[in-house]
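The values are calculated or read from the model by the stated rules, or taken from the named source; none is laboratory data. Note that this is a predicted model, so its numbers are computed, not measured. We place every Cβ from the backbone using ideal geometry, glycine too, and count neighbours over all the protein chains shown. Each accessible area value is taken on the protein alone, full model and side chains, heavy atoms only, with ligands, DNA and RNA left out. Shrake-Rupley method; radii C 1.70, N 1.55, O 1.52, S 1.80 Å.
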Amino acid sequence: MSTHHRPVHRIRRVLAVSVGGLAVLTSLAACGDEDESSSEPDPGALTSSRVTESATAGAAWLDGQLTDGVLYNDQYQVNDYSTTVELAYALMAVDVELAESDNTGLDEITAALEAGIEEYATPGKEIYAGSLAKLTSYATDTGADPRDFGGVDVVGALEEQTADDGTTAGRIGDVSEYGDYANSFGQAWAVRGLTNADSAEAAAARDFLLLQQCEDGYLRQDFSAPGAKDQSCDAAGGEASTDATALAVVLLHDVAEDDAELADALDAAVAWLVSEQAEDGSYVGSSQLPTNSNSTGLAGWALQLAGEDEAASAAAEWVLAHQVPEDCGGLLADAAGAIAYDDAALSAAAAKGITVKTAYQWRLATAQAVPALLATPDGAEPAACPTS
């Protein structure tokens, strides 16, 4: 489908829901002072004390992609705030001092996100719950005030988009003429953000997220219809999502330290991730998505945080094989550290470079996969410069 006549606000809607899954990539290819109530979140809990050259190189490339603190999508000529948030978390994961310092060093990103709240989360009459969830998490994890983030109470706005009772209690939802795209990615961000902010809605949001976990341990990506009497994954026969499962572990493993039920759920999620890893260390996103660096990266990051060192190292080596090494020259001279989505993307970049049409995919893949490289084993060799 051609995207040339696609309304700008619709493009923004697609970018706004890029909350960790690759369905968004498919959509784009086919056609988007500390608050007193804070529970003192620790973004350093999302990283490890080990720093590797490959992770540092990836973080450096990501940092170089920012324009005035935000990623700009040249293809659709809009700011990509969603991937910018993921980029910020990748930088914090790699840079321990950045994550743990009182002055995060993310001032430019914070200023850009504050200035872009309306465009990203509440354009016109639309309200995107996943965007509010990511901003709430970001604000609370970086020491900003989530009750006055760019002049907006993002916690209160997220609470208003969280169902209060009935079978959907705790479920986040969008207000949009294009439909409700809220899913388990945004729900996991909401649980982290609301918990960090000591919101009264946090427990219900957490309970609804746990309903999205099937008996086998994985989480599904999409919710049941709002009117369904049973909102659980098992009742709907939800399809497994590596990305949703891994992201929940990454965002909530530290939240679970004081929550035995959540801890048990995440243990089951980690066990499922271990069981689903291919022999080469990689992961597919779902039955409909190929082996890729987003899914492998998120899973590797989750495994690392869970202490599954052998599996995390295997995932890191697969990601490393898809990272542009130093000194490639030519069309990839400025791409050292960037991580390709898959083999085809790496080969295509060797022939055409990272283009306006492929930049979004490279940025999201790198942002979600860079933290996995913190588990790169000693002596692992970087990939050779790709050839077309």
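Per-structure values
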item: Residue under evaluation D327, criteria (1) modelled with pLDDT under 95; (2) within 20 Å of the chain's Cα centre (by Cα), criterion not met; result: (2)
item: Selection count where residues are at pLDDT 85 or above, part of a helix (DSSP H, G or I) and under 19 Å from the mean Cα position of the chain (by Cα), scope segment 84-109; result: 12
item: Among the residues listed as A269, A236, A204, A278, the single one being buried (at least 17 other Cβ atoms within 10 Å of the Cβ) and closer than 25 Å to A90 by Cβ; result: A269
item: Enumeration of residues in segment 295-310 that are of a type in the set (A, V, I, L, M, F, W, C) and either part of a helix (DSSP H, G or I) or open to solvent by 70 Å² or more (accessible area, probe 1.4 Å) (or both); result: L298, A299, W301, A302, L303, L305
item: Segment 179-200, residues that are open to solvent by 30 Å² or more (accessible area, probe 1.4 Å) and closer than 14 Å to S131 by Cβ; result: D180, Y181
item: Verdict on S388 being part of a helix (DSSP H, G or I) and hydroxyl-bearing (S, T, Y); result: no
item: Meets criteria (within 20 Å of V51 (Cβ to Cβ), touching a helix residue (DSSP H, G or I) at 6+ places or on another chain (Cβ under 9 Å), of a type in the set (S, T, Y) and open to solvent by less than 50 Å² (accessible area, probe 1.4 Å)) for S313; result: yes
item: Helices (runs of 4 or more DSSP H) lying entirely in segment 220-294 (those with 3 or more residues that are within 24 Å of E317 (Cα to Cα)); result: 242-252, 260-276
item: Residue pairs meeting the criteria (Cβ under 7 Å; at least 6 apart or on separate chains; first at positive phi, in segment 337-355; second part of a helix (DSSP H, G or I) and small (G, A, S)); result: G337/A57; G337/G58; G337/A60
item: Selected residue (only one of A112, A133 is open to solvent by less than 30 Å² (accessible area, probe 1.4 Å), of a type outside the set (S, T, Y), within 20 Å of the chain's Cα centre (by Cα) and under 20 Å from V250 (Cα atoms)); result: A133
